[in-house]
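Encoded as structure tokens, the structure appears first; notes follow it.
The values are calculated or read from the model by the stated rules, or taken from the named source; none is laboratory data. Everything numeric here is computed off the predicted structure, so don't read it as measured data. As a convention, Cβ positions derive from the backbone with ideal geometry for all residues, glycine included, and neighbour counts pool all protein chains shown. Quick note on the areas: whole protein, heavy atoms, side chains included, nothing else; ligands and nucleic acids left out. Shrake-Rupley method; radii C 1.70, N 1.55, O 1.52, S 1.80 Å.
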Amino acid sequence: NIAAIKKADAKKTAEAKKKADKKRQAAEQLRAEKQRADKKRQDKAAAKERQQALAREQERREQQRLLVLADKLAKQQAEAEAVAVQSYKSLIQQRVKESWHIPLSARDGMTAVLRVNLLPTGEVVNVAIVKGSGDDAFDRSVVQAVQRVEKIEELQQLETRVFDANFRQFNFLFKPLDLD
């Protein structure tokens, strides 16, 4: 009967071993599935991060492009405004010269600097001498010439911001040529 006991023990041992092997295989399979799932999650997270990084880079490039474009546009606008301002200053200079009555004491090289205040309608509100020529008759004639202009209607075409910055109050250099 020892052989039967040994046989039964061997059978029990084989069954226990089979059971343990099945358990181990199931555990390994579960671990492998968990690793595959973790890898899949990691790959998905990495792909999402790459996509987000790419989107951030594209956004940064677009912002940079827009900044360059805005800077270029601002420079063009500033240049256009400078040309317009110079054009209006020339117009004012012309109108003042047209309304100026040359005093007998006027000579080449005489200049006067006036502070002129205008309304957005182009109306002359105030004229004051900032730096005279040294000849009262010349200075008075220049002030009167600006006052006779009365209104420069073309200034109404300017944007308020440009008008305020350049024409609401400005210094006007009067320097006639060819007097002698």
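Scanning region 110-142 for residues that are more than 38 Å from the chain's Cα centre (by Cα), crowded, with 18+ Cβ neighbours inside 10 Å and outside any strand (DSSP E or B) yields a count of 6. Filtering region 16-51 to residues that are of a type in the set (A, V, I, L, M, F, W, C) and open to solvent by 90 Å² or more (accessible area, probe 1.4 Å) leaves only Leu30.
Exactly one residue out of Arg95, Arg56 is part of a helix (DSSP H, G or I), open to solvent by 60 Å² or more (accessible area, probe 1.4 Å), in contact with a helix residue (DSSP H, G or I) (Cβ under 7 Å, 6 or more places away or on another chain) and not polar (S, T, N, Q), and it is Arg95. The conditions of being of a type outside the set (Asp, Glu), assigned to a loop (DSSP other than H, G, I, E, B) and open to solvent by less than 20 Å² (accessible area, probe 1.4 Å) are met by Ala106.
Examine region 38-46 for a residue that is part of a helix (DSSP H, G or I) and under 30 Å from Asp164 (Cβ atoms), and state whether such a residue exists. Scanning region 38-46 turns up no residue that is part of a helix (DSSP H, G or I) and under 30 Å from Asp164 (Cβ atoms). For region 143-180, the set of residues classified as part of a loop (DSSP other than H, G, I, E, B), open to solvent by 40 Å² or more (accessible area, probe 1.4 Å) and touching a strand residue (DSSP E or B) at 6+ places or on another chain (Cβ under 9 Å) consists of Glu150, Arg168, Lys175, listed by residue number. Only residues that are closer than 14 Å to Leu173 by Cα and open to solvent by 70 Å² or more (accessible area, probe 1.4 Å): list them for region 82-92, please. If the condition is that a residue be closer than 14 Å to Leu173 by Cα and open to solvent by 70 Å² or more (accessible area, probe 1.4 Å), then Gln86, Lys89 are the ones that fit.
Just the residues that are acidic (Asp, Glu) and more than 19 Å from Gln157 (Cβ to Cβ), please, taken from region 64-101. I'd like the intermediate steps shown before the answer.
So the first thing to find is which residues in region 64-101 are acidic (Asp, Glu), and the list is 71, 79, 81, 98.
Across region 64-101, the qualifying residues are Asp71, Glu98.
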